[in-house]
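The values are calculated or read from the model by the stated rules, or taken from the named source; none is laboratory data. Owing to the predicted nature of the structure, the values given are computational and were not obtained by experimental measurement. Neighbour counts are summed over all protein chains in view; Cβ atoms, including those assigned to glycine, are modelled from backbone coordinates with ideal geometry.
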Amino acid sequence: SSTFYVVATPIGNLLDLSQRAIEVLRQVDLIACEDTRHTGRLLSAYNIKNKTLSLHDHNERQRQDYIAELLQQGKSIALVSDAGTPLISDPGFHVVRHLREQNLTVVPVPGACAAIAALSVAGLPTDRFAFEGFLPSKSGARQAKLSELASEPRTMVFYDAPRRAIDTVQDINDVLGGNRQIVIARELTKTFETIHADSAENILAWLDGDPNQLKGEMVLIIEGAHIDPNDIPEVAIKTLKLLLSEMK
Ligand code: SAM
C-alpha cells in the first residue's frame, strides 16, 4: 500500500545507511530529496536507480499537495535530506504534517542523526536533553539565546558552523561562564572525526591554537546548569540591594 517513508541517510560515512533504507529507496516510486545532485551521489554509490524530486525549504509547501495526490493514487514515496534524519534541522516538517492531517501513512526508517551521535559519545547526562538546533549567527542574538538558556538544567545540543566556533565559545564563556563544560563533536563518522570535551575556557584556548578545528561540520554540546536550591536568585539579590540602599 502507499506509504511516505522518512528515511535517514549517512552523516559522513556512506556505510551508515541501513539495509532497510537501501531496500526502501530501491522500491519506492519516487525519492523526494533536499538536493537531487547530492542524493544522486548516495544513490549511485549503492547502485540505486530511481526517480528523484526536489523538496526543500522553498518549495515544500507547493509540493505537498502533489505528494499527497501521488500517495492517494497508490504510489509510495521516500523523503531524504542531504545528511542524517529529515526534519531534524532539515526540510520535511510541512509535508509530514500535511500528510498526517489527511490520514496518509507516514513511516520512519531510522538511522544517523548528528545530534544523537554526538550525544552518545559526549559523556554528559543523556537522561534528559534539549535539542536547540542552530544558534543565531549574529553575536547579539546568540548571547540573548544563551542567557535565555543560562539556567537550563538539561544537557543542550546545538548545530553550529565550525568557522563560527571561536565566536560561539567566546559567547558561552561570557554568558555562561568559563567553567561550563562543553563537548565539540566535529566531522563525525568522517576521516577527521574529533570529539573534545573541556571547560568553555579551555575549549576557547584549544580552538585558538588549532585552526584545523575550525573546518567541516560540528555539533556543540553544553552541560546543563547545576542549580543549587540554596542559591538566592540574581533578581532577588538586586532587589535586596536596592531596598538596602533606600534604607540608608
Ligand atoms: N538532519 C541532520 C541530522 O540528522 O543530523 C542535520 C542537518 S543540519 C542542516 C546540518 C548540521 O548537522 C551541520 O551544520 C552540523 O552541525 C551537523 N552535522 C551534520 N553532519 C555532521 C557530522 N558528520 N559531524 C558533526 N556534525 C554534523
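Of the listed requirements (1) at pLDDT below 95; (2) surrounded by fewer than 18 Cβ atoms within 10 Å (Cβ to Cβ), Asp174 misses just one: (1).
When the range 75-111 is limited to residues that are within 14 Å of His56 (Cα to Cα) and touching a Lys or Arg at 6+ places or on another chain (Cβ under 9 Å), the one that is surrounded by the fewest Cβ atoms within 10 Å (Cβ to Cβ) turns out to be His94. The residues of the range 25-41 that are closer than 22 Å to Asp57 by Cα and assigned to a helix (DSSP H, G or I), listed by number, are Leu25, Thr36, Arg37, His38, Thr39, Gly40, Arg41. Of all residues in the range 1-21, those being away from the ligand (no atom under 16 Å from the Cβ) and either assigned to a loop (DSSP other than H, G, I, E, B) or among the polar types (S, T, N, Q) (or both) number 4. Among the residues here, Lys215 qualifies as out of contact with any Lys or Arg (no Cβ under 7 Å at 6 or more places or on another chain), within 14 Å of the ligand (Cβ to nearest atom) and either of a type outside the set (Val, Ile, Thr) or within 17 Å of Ala122 (Cβ to Cβ) (or both).
Taking helices (runs of 4 or more DSSP H) as the structural unit, those lying wholly within the range 65-182 and holding at least 2 residues that are more than 16 Å from the ligand (Cβ to nearest atom) correspond to 93-101, 139-148, 165-176.
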